[in-house]
Structure formats: structure tokens, C-alpha cells
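The values are calculated or read from the model by the stated rules, or taken from the named source; none is laboratory data. Predicted, not measured: the structure shown is a model, and the values here were computed from it. Quick reminder, even Gly has a Cβ in these numbers, built from the backbone with ideal geometry, and neighbours come from all protein chains shown. These area figures cover heavy atoms from the full protein model, side chains too; ligands, DNA and RNA do not enter into them. Shrake-Rupley method; radii C 1.70, N 1.55, O 1.52, S 1.80 Å.
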Amino acid sequence: MTSSLFFNITTFGYFASMVMFIAYVATRSNAVAMIARVTGGAGFVANTIAIGLRWYESYQLLGVDGRAPLTNLYESVVFFAWSILLVYMLIDFKYKQPSVGAFVLPFAFISMIWAQLSLSNAIDPLVPALQSNWLTYHVITCFLGYAAFAVACGVSIMYLIKIGKEEKHADESPIGGILGVFPSTKVLDDINYKAIMIGFPLLTLGIVTGAAWANYAWGTYWSWDPKETWSLIVWFVYAAFLHARFTRGWVGRRAAWLSIIGFAATIFCYLGVNLVLSGLHSYGGA
Amino acid sequence: MAHNQRNIIDRTWDFFCSLKLTIITLLLLAITSIIGTVLQQNASPEEYIREYGQSNYELFVKLQFTDMYHSWWFVGILALFSANLICCSIKNFPRAWKFVTSPALIAGEGTLKNSVNRAEFSSKEEPQQLAQRLAGTLEKAFTKPTLTEDDGKLHLFAQKGIYSRFGAYITHLSILVIMLGAIMGTVWGYKAYVNIAEGTSTAQVWPRGSQTPMDLGFEVRCDDFTVTYYDGTQRPKDYTSDLVVIDNGQEVIKKTIEVNDPLTYKGITFYQSSYGPAGNASFKVQVKVRESGEVLNLRVVQGQNTPLPGGYAFAVTDYAPNYDRFGPAAQLRVNTPNGQQGAPFIVLQQFPQFDEKRAGIFSFTLAGYDEPPMYTGLSVAKDPGVWVVWVGCFMMVFGSCGAFFFSHRRIWICLDEQNGKTRVRVAASAHRNQPAFSMAFDEMKKDLAQTIENKA
């Protein structure tokens, strides 16, 4: 039983769950929704076991130099998928809207398939710069935040699809067809807000732990390096989103767009900075 | 005229208080911040000119793009952002503060009649006695209420989570606190660096961007610098420096620092940052004069000419710890008496006879060598504002959690006599997350009903 076996199961579970959620949107069958939930949950369990096993394997392989599996791109991507499922299941538990899964599971599946197909899963010992307990706190807070933003982004896409239709058929009876299975725009807007409400303090904590670590390791808590700056850009966008909700003319569509732009900025902060720009976080691109 | 002036002041005030301004400044900060992540900051003019050309470089300088996070316009947006923050808080804070100074101990008729969360009971029990018992129930199920008598009616009021009304203000204040800490660090602190060769000490460091060193007020000595590698690999495991702080001739601190584990003395912190060779490697070289068979044992430093008999000289020009898997090797050349440089050749420590085959006037053997001494590169930082920044960060995290995850929940119970019975009316509200509160209220309603029934 190796971690890679369980990562394979995870990927398959998320794929199956994604397909079933989409099938639910098409069929509206509660049984299909149940299967989607169960396979997604099973994938999450496999993902958890896989991360745990990889942690254990790092100690087998590196002895005392073993470490929590949160240190390179591969490990962060599979943790990202895990976080997305965690936040999604929380939201699903509360709102019980299976159609949301069709827009969230793809993020988890794409993460897993990308990690497995094109990222190196070698377990290497840590370079000196990463040998710190701050690493774990920093990565966990950031990625739980990112995952909440992923869920918010999926819901915002649903919102924009639905509100377009709703406005077109303003005076007709409730929308039928595929969109009928979507939650109402009010609920979508609420889920969007709740997800960002979870994500924003986590991102804040992620930036703060990063700053504390930078101060401890380098003597400056902020040096405007591209990764730091992009995390701040993401923070600005979601701060704007949170204020947009109390502002006339900014609720609804614009808020949904801000949520999508925020997630795009998040992805650039996470991947774009390492793959396109250079800076202190360059080891994350390995 | 006075009216007009009033109008302008009002409009300026409204402008600085507006949430639209908040959203626009936040987005403006987000968009402009991108520039500095794409365009390298604080590089040399030559680099910009090579990359973007002279005219673009001049434009960058004019727009202060080369150090944009400290440019007047970026600082200006931050100042506008702060002004907006302060004005919004001044405008709205008194309203939130009122919930503390004058809590609504008595629910109005409107609240009792129209609240989303409400209930009504009736009982034969005396109002006074029932109020006491309901207060007990509330204390168990929610929190201890306050009892007020007014106009012949009894009012119970209980509240929880009033602090969550201040989450947003604490978050806003935290931003200003962090900015204050950053300013303190810039004004009273500094960032510097220093290279210390093994076995030497220094009392001066070089502030970033300055040509003149500054005094530390004490001395730092580096006894040793080491790089360790993971077993069997070229992957560095640790960079460590053995540092000693000497103040007034006394060794006050001894510490082995490494990346992620610095040394602090008198508010100044030393971080392991870089390393390199300090000076040159030295070699033990055995020279045999071919004709006479005379053998010389010499100790030479890399790059220095060492005299040989007959006016000749030689120098070690290069070395490798493991040359082509033949072990340690040195590259040498011999100068003729008239100063002409000979062709370089290689001697190997593990093959002492190797140089005999060259058939020169002298034959050389590498008997041993010492790696050059290393220097350790330290970042030096003094930041008296950093604790202010951490206070700000704490406020921000707790403030935003308070604002998002908690709400101000209030319950009012009004007891009065009606038709010889005691009428009990209950109303409750939460200023955020109402659905969850409604569920909690339904539970509480059951408790209250039970209390009333038990005696009725």
C-alpha cells in the first residue's frame, strides 16, 4: 500500500464524482446525487490516506529528515485538491445543493490529474530555507483559503449563468431545464459570500504566517517579492468583494465577477508567479 | 456662501466616507501592484536600458516604476485608502458604540410584534415570579439577562457577542497599526549586510544602498562557517556559522546560526544569508630540481609567484578537489628567469610520479592543500517597529474572524398583565447569520415554553 496507489484512487474518485454531479444536473435524480457525494467522499478519504502515507514514507526514505508533505509543487497541488473537497463538503453539508458539485469537483479533479500526469512526485529532503515549522502553518492556511476561493469561483460561475437566464425570463414561470436544478441566485450569492468569508481570514492568516516566517528567516517581513505582492493583490480583490456586498451598484453580477477575478488572481499567485515570474518562492516551482 | 462652503465640506466628507471609494482604491491597489511584479524593482539603470531601451527607461524613471512600491503615486493611493478607512470608521463607530453604552434593555412594541424570531405565551403565574424563573432559564440556555421594570411591565434582556460589532473596526484599525509599524521600522530601523571571514570579527555593517559602513556598537566574530550536504548528494542540508558577540571586550553570546535560526543582540538580528571564499587556497608542493636532485618542500598560496632556484618562479593558478575522478589536482605554471610565462600543466596528488613525465627543469608533486577560508554573509536587521506590525496582524486576524464568524445576538422578554393573565412576549435578533440564529432561537423557545408550562 503506497501513497501513489491512494493518489490514483483519489484521482479516479474525483473524476467519478465530477461525472456524477454533472449527470445529476442533467437527470435531477437524487440517487445520482448520492452516488456523486459518496464517490467524492471516498476520493477525499483516499486523498487523506495518501497524504498521510506520503508523510510516513518521507520518514522511511529520509530518516530524521522526514517532513510533512507540503513542500513542493506536487505536494501542494494534491493538498489543494484535498482542501477543495474539505471546503466543498462543509458547504454541501450546510446548503445541500448537489448541483454546486458539478462546478467545484472539476477544480479538484484537474488538480489531481495535473499533479499525477506532469509533476514530479519524488520525495526530496528540504533545502535549508524551507526547514522551519512555519512552513506547515503557512501552507495549510494559504491552501485552505485558496480552496474556499475555488468553491466561491465555481458558485459565481453558476450565479452568472443563472442570473442571465433569470433576467431574460423575468416575468415567466420559474426556470425549468438544467438551470432549474441550480439553487436560486440568492442562495448562490449567499454561498459565494460564505465561502469567501471562510477564505479571507485564512488568506490573511496565510499572509501573516508567511510574513512572520520571512521575518524570522530573512529579517524582513515584507519585501515586495512577486509572490508576496500577488498574495496582497488577491487580498485586495477579495477585500473589494466583501465591501461590494454593502454597496449599491456592486451587489450581484459585479460581486460574482470579483469572486472569479479573485480566484484567477489566486491561481496566478499560486502557479503563475512560480512558472512565469521569479523571486524568493522559486523553489515552489520545482 | 456659508451654505456653499458647508456643501463642499459635506461632499468631501461623503467622498471620503464612501464605500465606492473603498472598492475603487482596493482595485486600484490590486491593479497597480502588478507592475512591480512584472518589472524588476530597484535594478541598475544598465539592466533596464538593456532590457527595455533608453526611452522606456526614462519613462520608467519619470513614473517611478523602478521602485514603484515607494513611489509618490502608490504611497498616495495608500494614503487615500487610509483616509477612506479612517473616515468610514469615524462615521460608523459611534453607532456601534451605542450598543455598548446604551443597550436596548427594553424591546419596543415594533420589535415584539414584527421580529422574525418571536414568540408569545400566557401564564397564570405572577409576572414577578415568572420573570425570575425565565431569567434562570435564559441564563442556562443563553446568558444572564438584565431585568428592568418599566410602566408596569417587566423586561428581560440578554445579549451575546457584542464584540462582533467591532470586528470590522478592529480589522480597519489593524491596517493602520501595521502601517504605523512599517513606518517605525523605516524611520528607526535599518537593513544591512556584512561579510565576515572565518576567524575574523567586525564592528561595522553596510546598510543597504549605502556606500559607508555603520558602527554596531559591539563586535561580531565568525569562528567557523560550514556547509553540510545530505548524505551522498550535492543537496545542501545546512549553512551554519559559529558566531560570537563581543561587547566591551567580553564574549557575551556564542551561537551557531543557520538559515531559519538567527542571532539577536541588542535589538539587532544577524541572519545566515550567503557565503563564499575569503582569500585563496594554499598548497603544499614538493619541487624536485631535475639536474641536482635537490628537493624543496614549499607552502604556496594560489595565484602567488614563488621563487625557485636559478631565478625561476612558479605559481598555482587553479585547483580542483576532484579532477576528472583522479582526486585533488592543481594547475601550475613556471616562469623563466626573464619573466616569460610557461604553459600551464596539471599535477595530481594521488599520482606523485605523474609530473616526472613532463620532463621539465623542475618536477612538482602536490603533497596537500587547504581549501580557502570561507566568509559568511550575514543579513543584519534592526526593526523596532516589528512588534507593532505583529500586534496589527493579530488584530487583523481576530478582527476579521470576529466580524465574519460571530454575531451580536439579543433576546428580549416582556411580561405584562392582560385579562388577569401574564402575557409573555419574546423577541430576538442577530445582526449577522440570521438562519443559524433562528435555529438556535427555536431551541430556546422550547426551553422557555417548558419553563412557563411547568408552573402554569
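One residue alone among A:247, A:220 is touching a strand residue (DSSP E or B) at 6+ places or on another chain (Cβ under 7 Å), not in a helix (DSSP H, G or I) and not small (Gly, Ala, Ser), and that residue is A:220.
Pairing each residue of the range A:38-49 that is closer than 22 Å to residue A:2 by Cβ and open to solvent by 40 Å² or more (accessible area, probe 1.4 Å) with any residue that is part of a helix (DSSP H, G or I) and not aromatic (Phe, Trp, Tyr), provided the two are 6+ apart or on different chains, yields C-beta distances under 6 Å for A:42/A:13. Is the range B:330-345 home to any residue that is assigned to a strand (DSSP E or B), open to solvent by less than 80 Å² (accessible area, probe 1.4 Å) and within 29 Å of residue B:272 (Cα to Cα)? No, the conditions are met nowhere in the range B:330-345.
Would you confirm whether any residue within the range A:167-188 is within 19 Å of the chain's Cα centre (by Cα) and assigned to a helix (DSSP H, G or I)?
Scanning the range A:167-188 turns up at least one residue that is within 19 Å of the chain's Cα centre (by Cα) and assigned to a helix (DSSP H, G or I).
Among the residues of the range B:293-323, those identified as free of Cβ contacts under 8 Å to residues at least 40 places away in the same chain, open to solvent by 80 Å² or more (accessible area, probe 1.4 Å) and more than 11 Å from residue B:363 (Cα to Cα) are B:299, B:304, B:305, B:307, B:322, B:323. Just checking, does the range A:149-168 include any residue being of a type in the set (A, V, I, L, M, F, W, C) and without any contact (Cβ under 8 Å) to a residue 12 or more places away in the chain? So far as the range A:149-168 goes, no, none of its residues is of a type in the set (A, V, I, L, M, F, W, C) and without any contact (Cβ under 8 Å) to a residue 12 or more places away in the chain. For the range B:257-288, which residues satisfy the criterion of being out of contact with any Gly (no Cβ under 9 Å at 6 or more places or on another chain), within 10 Å of chain A (Cβ to nearest Cβ) and not in a strand (DSSP E or B)? Passing the criteria: B:259, B:260.
So if I check each of B:224, B:238, which one is in a strand (DSSP E or B) and away from every other protein chain (no Cβ under 14 Å)? Within the list B:224, B:238, the selection yields B:224.
Here A:73, A:61 are screened, and the one residue that is open to solvent by less than 20 Å² (accessible area, probe 1.4 Å), hydrophobic (A, V, I, L, M, F, W, C) and under 24 Å from residue A:140 (Cα atoms) is A:73. Exactly one residue out of A:21, A:12 is under 16 Å from residue A:103 (Cβ atoms) and either open to solvent by 10 Å² or more (accessible area, probe 1.4 Å) or under 19 Å from the mean Cα position of the chain (by Cα) (or both): that is A:21. Taking the condition under 18 Å from residue A:254 (Cα atoms), open to solvent by less than 40 Å² (accessible area, probe 1.4 Å) and touching a Ser or Thr at 6+ places or on another chain (Cβ under 6 Å), does residue A:162 pass? Criteria met by residue A:162. Select from the range A:87-112 the residues that are assigned to a helix (DSSP H, G or I) and open to solvent by 60 Å² or more (accessible area, probe 1.4 Å) and list them in ascending order. Those that are assigned to a helix (DSSP H, G or I) and open to solvent by 60 Å² or more (accessible area, probe 1.4 Å): A:89, A:90, A:93, A:94, A:110.
Does residue B:237 satisfy being of a type in the set (Lys, Arg), in contact with a Ser or Thr (Cβ under 6 Å, 6 or more places away or on another chain) and closer than 30 Å to residue A:62 by Cα? Yes. Entry remark, the range A:56-75: residues being of a type outside the set (Val, Ile, Thr), over 17 Å from residue A:45 (Cα atoms) and either assigned to a helix (DSSP H, G or I) or modelled with pLDDT of 95 or more (or both) number 10 in total. Selection of first residues in the range A:243-271 that are more than 9 Å from chain B (Cβ to nearest Cβ) and under 26 Å from residue A:229 (Cβ atoms) and of second residues that are open to solvent by 30 Å² or more (accessible area, probe 1.4 Å) and not in a helix (DSSP H, G or I), restricted to Cβ pairs under 9 Å at least 6 apart or on distinct chains, gives the following pairs, ordered by first then second residue: A:245/A:251; A:255/A:245; A:268/A:276. Figure legend. Inter-residue proximity from the range A:215-240: first residues more than 7 Å from chain B (Cβ to nearest Cβ) and of a type in the set (Lys, Arg), second residues assigned to a helix (DSSP H, G or I) and crowded, with 21+ Cβ neighbours inside 10 Å, beta-carbon distance below 6 Å, spacing 6+ or different chains. Indicated pairs: A:227/A:273. Can you find a residue in the range B:145-164 that is modelled with pLDDT under 90 and charged (D, E, K, R)? Looking through the range B:145-164, at least one residue is modelled with pLDDT under 90 and charged (D, E, K, R). Step by step: first the residues of the range B:39-50, then only those that are aliphatic (A, V, I, L, M) and either farther than 16 Å from residue A:272 by Cα or within 7 Å of chain A (Cβ to nearest Cβ) (or both), then the one that is most open to solvent (accessible area, probe 1.4 Å). Which residue is that? Checked the range B:39-50; the qualifying residue most open to solvent (accessible area, probe 1.4 Å) is B:49.
In the condition set (1) in contact with a Pro (Cβ under 8 Å, 6 or more places away or on another chain); (2) closer than 30 Å to residue A:135 by Cα, residue A:21 is compliant with all but (2). What residue, of B:78, B:85, is in a helix (DSSP H, G or I), within 14 Å of chain A (Cβ to nearest Cβ), open to solvent by less than 40 Å² (accessible area, probe 1.4 Å) and under 28 Å from residue B:167 (Cα atoms)? Step by step, each of B:78, B:85 is checked, and only B:85 is in a helix (DSSP H, G or I), within 14 Å of chain A (Cβ to nearest Cβ), open to solvent by less than 40 Å² (accessible area, probe 1.4 Å) and under 28 Å from residue B:167 (Cα atoms).
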